[in-house]
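Chemist: If you scroll down you'll find the structure; I have some questions about it.
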Amino acid sequence: MVLEERGEALVARLTLDNPKKLNILDREMLGALVEAMRAIERNARVRAVVLTGAGEKAFTGGVNLDLLAGLDPLSAREFIGLVHDACDAMRQCAVPVIARINGWCIGAGLELAASCDLRIAVDTAAFSMPEVRLGIPSVVEAALLPRLIGTGRARWLVLTGDTIGAQEALSWDLVDRVVPAARLDSEVSAALDAILACGDEAIRAQKRLCRLWEEAPLEASVRASIDEFARAYESGEPARRIEAYRASRRKR
């Protein structure tokens with residue numbers, strides 16, 4: 001994990017680092033992700049997280065095939081729990097997590113990306129959920145896919161194992177931005193600037209609500225939204241920011 005100073009705030013950058021093997025995931029890497037996210041949660045100065053893969057070829061090529069081949073029913077349950085823990089750490093993180101998708105994004109890697117709040121991809125990125133071709137279903141955070149791209153498209157990915165390119169992923173709403181490689185970092189930086197320009201507590205409240213909106217019925221979501229709106233005024237942040245906005249308008 002690298003902590004980047006951006007004014008008074010910090011941005012945590014996490015890299016899946018095994019570029020010679022497309023940054024494939026194993027127990028050690030998944031455990032390290034969870035531990036890094038726990039450390040981030042303990043640092044109040046961290047305002048955003050960027051998750052990416054090392055090199056230029058892959059975000060991650062998914063799970064190590066030798067590892068998958070060696071599982072039995074008991075170890076399979078234990079291992080898929082590790083995948084879920086890593087994905088859930090992204091979703092439960094109090095601050096926004098951006099997936100910087102710099103290439104192949106496959107299987108559990110796509111589940112990790114889907115667990116992030118924003119997804120910015122290079123135009124050569126490719127996405128697939130090929131587990132059924134290996135005799136196993138796509139599981140855990142693959143359940144986020146129907147919420148992101150709709151039931152039909154999610155079924156296409158998980159039932160065919162087909163690969164789609166970055167532009168198709170954009171048209172499906174699987175990613176939020178697609179840019180050439182030369183612009184990938186500047187696009188991520190622009191997203192970070194936008195997040196850091198917002199109120200810290202407001203962003204944390206908004207993330208809580210975004211997660212709730214995905215999971216709860218409409219009425220419960222609305223009621224929780226009312227509570228978060230009222231709670232925002234406990235810090236005095238709205239008054240300060242509204243006055244600052246008014247002052248900037250008066251100077252024009």
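The values are calculated or read from the model by the stated rules, or taken from the named source; none is laboratory data. These numbers come from a predicted model, not from an experiment. Don't worry about glycine lacking a Cβ; one is built from the backbone with ideal geometry, like all the others, and counts go over all protein chains shown.
Chemist: Only residues that are surrounded by fewer than 14 Cβ atoms within 10 Å (Cβ to Cβ) and either in a helix (DSSP H, G or I) or under 28 Å from the mean Cα position of the chain (by Cα) (or both): list them for the stretch 236-252, please.
Modeler: Of everything in the stretch 236-252, those that are surrounded by fewer than 14 Cβ atoms within 10 Å (Cβ to Cβ) and either in a helix (DSSP H, G or I) or under 28 Å from the mean Cα position of the chain (by Cα) (or both) turn out to be Ala239, Arg240, Arg241, Ile242, Glu243, Ala244, Tyr245, Arg246, Ala247, Ser248, Arg249, Arg250.
Chemist: Let me ask something else about it. Can you spot a residue in the stretch 57-66 that is loosely packed, with under 15 Cβ neighbours inside 10 Å and outside the structural domain of Gln206 (by TED's automatic domain parsing)?
Modeler: Looking only at the stretch 57-66, we keep the residues that are loosely packed, with under 15 Cβ neighbours inside 10 Å, and these are 65-66.
Among the residues that remain, those that are also outside the structural domain of Gln206 (by TED's automatic domain parsing) are: 65-66.
Yes, the stretch 57-66 contains at least one residue that is loosely packed, with under 15 Cβ neighbours inside 10 Å and outside the structural domain of Gln206 (by TED's automatic domain parsing).
Chemist: The conditions are (1) farther than 14 Å from Leu30 by Cβ; (2) assigned to a helix (DSSP H, G or I); (3) over 14 Å from the mean Cα position of the chain (by Cα), and Thr124 fails exactly one of them. Which is it?
Modeler: The single condition Thr124 does not satisfy is (2).
Chemist: State all residues of the stretch 167-204 that are part of a helix (DSSP H, G or I) and either of a type in the set (Val, Ile, Thr) or at positive phi (or both); if no residue qualifies, say none.
Modeler: Within the stretch 167-204, Val188, Ile195, Ile203 qualify.
Chemist: Which of the residues spanning the stretch 3-25 are surrounded by fewer than 16 Cβ atoms within 10 Å (Cβ to Cβ), in a loop (DSSP other than H, G, I, E, B) and at pLDDT 95 or above?
Modeler: The one that is surrounded by fewer than 16 Cβ atoms within 10 Å (Cβ to Cβ), in a loop (DSSP other than H, G, I, E, B) and at pLDDT 95 or above: Asp17.
Chemist: Going through Gly109, Gly55, Gly81, Gly62 one at a time, which residue ends up being touching a residue at least 60 places away in the same chain (Cβ under 8 Å), out of contact with any Phe, Trp or Tyr (no Cβ under 7 Å at 6 or more places or on another chain) and small (Gly, Ala, Ser)? Can you show your working first?
Modeler: Details: Gly109 fails: out of contact with any Phe, Trp or Tyr (no Cβ under 7 Å at 6 or more places or on another chain); Gly55 fails: touching a residue at least 60 places away in the same chain (Cβ under 8 Å); Gly81 fails: touching a residue at least 60 places away in the same chain (Cβ under 8 Å).
None of the other options fit; the residue is Gly62.
Chemist: Ok, one more. Only one of Arg147, Arg77, Arg91 is in a helix (DSSP H, G or I), over 27 Å from Arg204 (Cβ atoms) and assigned by TED's automatic domain parsing to the domain that holds Ile40; which?
Modeler: Arg77
Chemist: Taking the stated definitions as given, is Ser171 polar (S, T, N, Q), without any contact (Cβ under 8 Å) to a residue 60 or more places away in the chain, more than 25 Å from Val46 (Cα to Cα) and touching a Leu at 6+ places or on another chain (Cβ under 7 Å)?
Modeler: Criteria not met by Ser171.
Chemist: Since Ile40 meets every condition but one in (1) surrounded by 15 or more Cβ atoms within 10 Å (Cβ to Cβ); (2) on the phi > 0 side of the Ramachandran plot, which condition does it not meet?
Modeler: The one condition Ile40 does not meet is (2).
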